[in-house]
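These notes concern the structure reproduced below.
The values are calculated or read from the model by the stated rules, or taken from the named source; none is laboratory data. Just so we're clear, the structure is a prediction, and the values are computed from it rather than from any experiment. FYI the Cβ positions are ideal-geometry reconstructions off the backbone, even for glycines, and counts take in every protein chain you see.
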Amino acid sequence: MIVVVSLNPALDVTHHVDGVDWAGVNRPTQVRAVAGGKGLNVARTLHARGAEALFLGLAGGIAGEAIRSQLRVSGIAAVWSQIAADTRRTFAVVDTRRGEVAMFNEPGPAVTPREYSRFLAAYKEALTACTTVVLSGSLPSGLDDDTYAGLIRIAASAGVPAILDTSGDALLHGLAGRPAIVKPNLAELAQAVGHVAGWPTPLDQSAVLGFAAELRDRGADAVVVSMAADGLLAVTAAGAWHAAAPRVAGNPTGAGDAVVAALAQGLTNGWSWPERLSEAAALGAAAAAAPTAAEFLDDDLARARAGVQVTDLEHALCP
């Protein structure tokens, strides 16, 4: 069983407006409120692929109950730890006339030590029947930056490898726990190594390899970098690879979470790195082709699988 942890889920609210008037009244043509966050996207993707998965999260208030209700309807197994503060919401205003999107992301709720202790008890219980744990998304206020490192160490003591997908200080501190895999995107990787300049165009693959190797030096056993349409780049103890599926037009939201889901399945099933990366690249492309995060069509996945190319980059790394 794959356990997916989301300590800071969100209710994602999207308003579609035909020409936003920022100084006046707007009447959305479509409104959607969907349980969101990286961990929920991973859990949905695993569920859609028929994988045995358990979602663990924190929830409170009206938004928290809405998220819990949606997961119950979807059939995804979940264990929730109740908190007093309200689960956060994110707001997206989509201007369909201009083709622009404005995002408003609320901060996470304050989580008390007692509330986190209840979550830890559920987490340790879940690890007894777990093959892989995925730790995904940001940390809410009230939890220290080294929270993920602690969860990774607890999983390791139970013999369970961990995949970490986060950013900023949570990523940097999480490396100390020695996760089996970390999956930053390009911006998160650059921030983690202190590289503030924009990436060269075309993409400097050697720079990405070097930065990924630096994260391995800091504690990660393997680093898989998602590079949007440029595919995936992995640096591991067994070698380095680049995997890319045919480019597609669509919605990239949730594509990285689909990659994490495939990596978790590959780790659980003992696939080789080329096999993991091939499936992860294909699933990420299929997810990007879908209009909604954490969804994909079987036909899109089949086409992506047929076009995936995995390149061995072993000799690109400096000795």
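Numerical summary
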| read-out | value |
| --- | --- |
| Filtered residues of the range 5-54 (kept if in contact with a Phe, Trp or Tyr (Cβ under 9 Å, 6 or more places away or on another chain) and among the small types (G, A, S)) | S6, G39, A43, A48 |
| Pair list, Cβ under 6 Å, 6 or more apart: the range 146-168 residue farther than 18 Å from A121 by Cα, other residue outside any helix (DSSP H, G or I) and hydrophobic (A, V, I, L, M, F, W, C) | P161/A180; I163/V134; I163/I181; L164/L135; L164/V182 |
| Among the residues listed as A288, A264, the single one being at pLDDT 95 or above, assigned to a helix (DSSP H, G or I) and either surrounded by 24 or more Cβ atoms within 10 Å (Cβ to Cβ) or at positive phi (or both) | A264 |
| Candidate set from the range 9-33 (those that are aliphatic (A, V, I, L, M) and surrounded by fewer than 11 Cβ atoms within 10 Å (Cβ to Cβ)); member that is nearest to G60 (Cα to Cα) | V31 |
| Which numbered condition G50 fails, given (1) of a type outside the set (D, E); (2) over 19 Å from V13 (Cα atoms); (3) in contact (Cβ under 8 Å) with a residue 40 or more places away in the chain | (3) |
| Helices (runs of 4 or more DSSP H) completely within the range 127-245 that count 2 or more residues being in the same structural domain as G108 (by TED's automatic domain parsing) and modelled with pLDDT of 95 or more | 147-157, 168-174 |
| Answer from F119, F55 - the residue that is within 17 Å of L11 (Cβ to Cβ) and modelled with pLDDT of 95 or more | F55 |
| Residue, farthest from P246 (Cα to Cα), within the range 267-285, restricted to residues that are without any contact (Cβ under 8 Å) to a residue 12 or more places away in the chain and part of a helix (DSSP H, G or I) | N269 |
